[in-house]
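Bear in mind that the values in this text are calculations on the coordinates, not laboratory data. As the structure is a prediction and not an experimental result, all values here were calculated from the model. For neighbour counting, all protein chains shown are included, and Cβ atoms are generated from backbone atoms with ideal geometry for every residue, glycine included.
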Amino acid sequence: MNSKVITTKSPEDFAKMEVAGRCVAAVHAAVREAARPGVSLVELDAIAAEVIRDWGCRPSFLGYHGYPATICTSPNDVIVHGIPTDYRLREGDILSVDAGAVYEGWHGDAAFTMAIGEVPDEVRRLIEVTEQALWNGLRQAKVGARLGDVGHAIESTAEPHGYGVVREYVGHGIGRQMHEAPNVPNYGRPGKGLKLKEGWALAIEPMFNMGGAETAVLDDGWTVVTADGSLSAHFEHTLLLTPEGPKVSTLPEPLPL
Ligand code: MF3
Ligand code: CO
């Protein structure tokens, strides 16, 4: 799916990716605010579509290899790529939300997992640790570091908790396309893999399961679930390796690291 060439972005390109990233952050805020017991996943999708339109962006998922919605909504044992349905959220669910936007041809892509109402401590911990793993990975992703450093930081965050680290789905380069080279695995060995270069943009996205790492795809051809039915969490940000240093684009204000 990824072309093998890793493209180098200019500061002007990064400026457009920052607009797309801010738009994705606005989608996250709106969906997080709306997601509560009784709200359906298609209602969340409609909210996301409106925010993206208001920003003068285009939803990158819609139509991607035939994907039928604006965002991915992945409840409970759904890892990623859940298609919004008329399922209504219930107290005690967890929900992963993945959103992508394009501004003047340049992409932003990010995901988060949230609890709907009260959830047990061990479920809250799964969500917190997965988010922490994303930040541990982002902090490793500096010019001159290697992809193995990023993957190792993520994987080793899961280890003490015994979470399954999903291997079949990985992070990716991003730019004029949502998915570009290189692949960014959520596992690796320090000092191994490609050396990160100025001008790259990477989407880093750990997926941790409360049980095993194995995955399965439902008959709709999209929905990826845990093979053992355990809960799963997913966090993602888009990171720009700018001449001034690494910057997370998919936040309300781009964040230099
Ligand atoms: N955002 C997902 C990723 O991080 C891709 C969504 S797949 C789509 O790679 F089909 F919904 F677009
Ligand atoms: Co992604």
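Couple of notes before you dig in:
- Cα gyration tensor shape for the range 130-257, rounded if a/c is under 1.5, else prolate or oblate: prolate
- Full extension of the segment from SER156 to GLU198, taken as 0.36 nm per residue of separation minus the current Cα-Cα distance, would add 12.5 nm.
- Taking 0.36 nm per residue of sequence separation and removing the Cα-Cα distance, the GLU12/ARG36 pair yields an extension gain of 4.8 nm.
- Whole-number percent relative contact order across the range 137-223, with pairs defined as alpha carbons under 8 Å at least 6 apart: 38 percent
- Shape of the range 42-157 from the C-alpha gyration tensor: oblate (a/c of 1.5 or more and a/b not above b/c, with a ≥ b ≥ c the square roots of its eigenvalues).
- When the Gaussian network model of the chain links Cα atoms closer than 10 Å, the mean-square fluctuations of GLY108, GLY151, GLY211 top out at GLY211.
- With the simple spin-label model, which puts each label point 7 Å out from Cα in the Cβ direction, the GLU50 to GLU122 separation comes to 3.9 nm.
- Compared with the alpha-carbon gap, the fully stretched path from GLU253 to LEU218 is longer by 8.9 nm at 0.36 nm per residue.
- Rh (Kirkwood; distinct C-alpha pairs) - the range 11-256, Å: 17.7 Å
- Across the chain, the mean sequence separation of Cα contacts (distance under 8 Å, 6 or more residues apart), normalised by length, yields a relative contact order of 23 percent.
- Comparing LEU239, LEU89, LEU218 in a Gaussian network model of the chain, where Cα atoms under 10 Å apart are tied by springs, the biggest mean-square fluctuation is seen for LEU218.
- Where N is the number of residues in the range 1-103, Cα Rg divided by 2.2 N^0.38 Å: 1.16
- For the range 203-257, the pair-distance distribution built from all alpha carbon pairs, in bins 5 Å wide starting at 0, is 4, 17, 18, 15, 12, 10, 13, 8, 2, 0 percent.
- Restricting the range 121-174 to trypsin sites (Lys or Arg not before Pro) in coil, as DSSP defines it, with at most 16 other Cβ within 10 Å: LYS142, ARG167
- Within the listed set ALA141, ALA30, ALA110, the residue fluctuating most in the Gaussian network model of the chain (springs between alpha-carbon atoms under 10 angstrom) is ALA30.
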